[in-house]
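Participant: Before I ask anything, let me first share the structure, which is written out below as structure tokens.
The values are calculated or read from the model by the stated rules, or taken from the named source; none is laboratory data. No experiment lies behind these values; they were computed from the predicted model shown. Positions of Cβ are generated from backbone atoms using ideal geometry, with glycine treated the same way; all protein chains shown enter the neighbour counts.
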Amino acid sequence: MSEDFSLGSVQVALTPQQRFEEYLQLHGKRFTQQRRVLIDVVFSQHEHFDAEELLATLAQTAGQGKVSRPTVYRGLSELVEAGLLKKMVLDGRAVYEHDYGYPQHDHLYCESCTQLIEFHSEAFEQIRDAVAAEHNFRITGHRLIISGACSDCCKKRRRKKSPLDLV
């Protein structure tokens, strides 16, 4: 029995930029040029990233305007509060991913190279729902991160047999 573990899509009414602007207005904050550049870069591609990687990407997009380090860190917190990003802490490092307009999913985490692989499993959701029903528990969400080693790192760990292995 093969299952498709790929992620689908979610329809949203507002773009991430519009949703962030709405969040800022509700909290009495301005949608500054720095915030605009920050959200444009964050949502220009779907990759997991940390603050330092985002700062490096922003430095390469100098034509859009400079975004200061404090603005990046403050902006990431605001994007999480606005429901646009999710924050995960892996090995003491804060990693961010898109949340808005992206379906519920889980991760495989390679402890060696820090690669994150996203997947979705209907079978896991059925188990989750059955366990919750058994305990009369109302689910509001979940996060599953399975740690281990990716295939590339497993290959690197295998060593060739030496004549000493025969002794």
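Participant: Could you check, for the range 102-117, whether at least one of its residues is in contact with a helix residue (DSSP H, G or I) (Cβ under 8 Å, 6 or more places away or on another chain), of a type in the set (Asp, Glu) and more than 28 Å from residue 155 (Cβ to Cβ)?
Facilitator: no
Participant: Return the residues of the range 114-138 that are outside any helix (DSSP H, G or I) and not aliphatic (A, V, I, L, M); say none if nothing qualifies.
Facilitator: The answer is 114, 115, 118, 119, 120, 121, 135, 136, 137, 138.
Participant: Scan the range 12-60 residue by residue and report those that are under 17 Å from the mean Cα position of the chain (by Cα) and of a type in the set (Phe, Trp, Tyr). Give the steps one after another, and end with the answer.
Facilitator: Residues of the range 12-60 under 17 Å from the mean Cα position of the chain (by Cα): 16, 38-55, 57.
Within the range 12-60, 43, 49 meet the criteria.
Participant: Looking only at the range 134-147, filter to residues that are at pLDDT 95 or above and more than 18 Å from residue 104 (Cβ to Cβ); which one of those is surrounded by the fewest Cβ atoms within 10 Å (Cβ to Cβ)?
Facilitator: The residue in question is 136.
Participant: Are any of the residues in the range 101-123 without any contact (Cβ under 8 Å) to a residue 60 or more places away in the chain, of a type in the set (A, V, I, L, M, F, W, C) and buried (at least 16 other Cβ atoms within 10 Å of the Cβ)?
Facilitator: Taking every residue of the range 101-123 in turn, at least one turns out to be without any contact (Cβ under 8 Å) to a residue 60 or more places away in the chain, of a type in the set (A, V, I, L, M, F, W, C) and buried (at least 16 other Cβ atoms within 10 Å of the Cβ).
Participant: Here is a list of conditions, (1) closer than 30 Å to residue 30 by Cβ; (2) under 15 Å from the mean Cα position of the chain (by Cα), and residue 71 meets all of them except one; can you say which number that is?
Facilitator: Condition not satisfied by residue 71: (2).
Participant: Only one of these conditions is not met by residue 76: (1) surrounded by fewer than 16 Cβ atoms within 10 Å (Cβ to Cβ); (2) closer than 27 Å to residue 147 by Cβ. Which number is it?
Facilitator: (1)
Participant: Continuing with this model, one more query. In the range 24-45, which residues are of a type outside the set (Phe, Trp, Tyr), under 30 Å from residue 119 (Cβ atoms) and surrounded by 13 or more Cβ atoms within 10 Å (Cβ to Cβ)?
Facilitator: Hits for the range 24-45 are 38, 39, 40, 41, 42.
Participant: In this structure, does residue 144 turn out to be touching an Asp or Glu at 6+ places or on another chain (Cβ under 6 Å), over 17 Å from residue 37 (Cα atoms) and not assigned by TED's automatic domain parsing to the domain that holds residue 22?
Facilitator: yes
Participant: Return yes when residue 51 is under 25 Å from residue 141 (Cβ atoms), in contact with a Leu (Cβ under 8 Å, 6 or more places away or on another chain) and either surrounded by fewer than 17 Cβ atoms within 10 Å (Cβ to Cβ) or modelled with pLDDT of 90 or more (or both) and no when it is not.
Facilitator: Criteria met by residue 51.
Participant: So, residue 78, is that one at pLDDT 95 or above, charged (D, E, K, R) and over 15 Å from the mean Cα position of the chain (by Cα) or not?
Facilitator: Spelling it out, residue 78 is indeed at pLDDT 95 or above, charged (D, E, K, R) and over 15 Å from the mean Cα position of the chain (by Cα).
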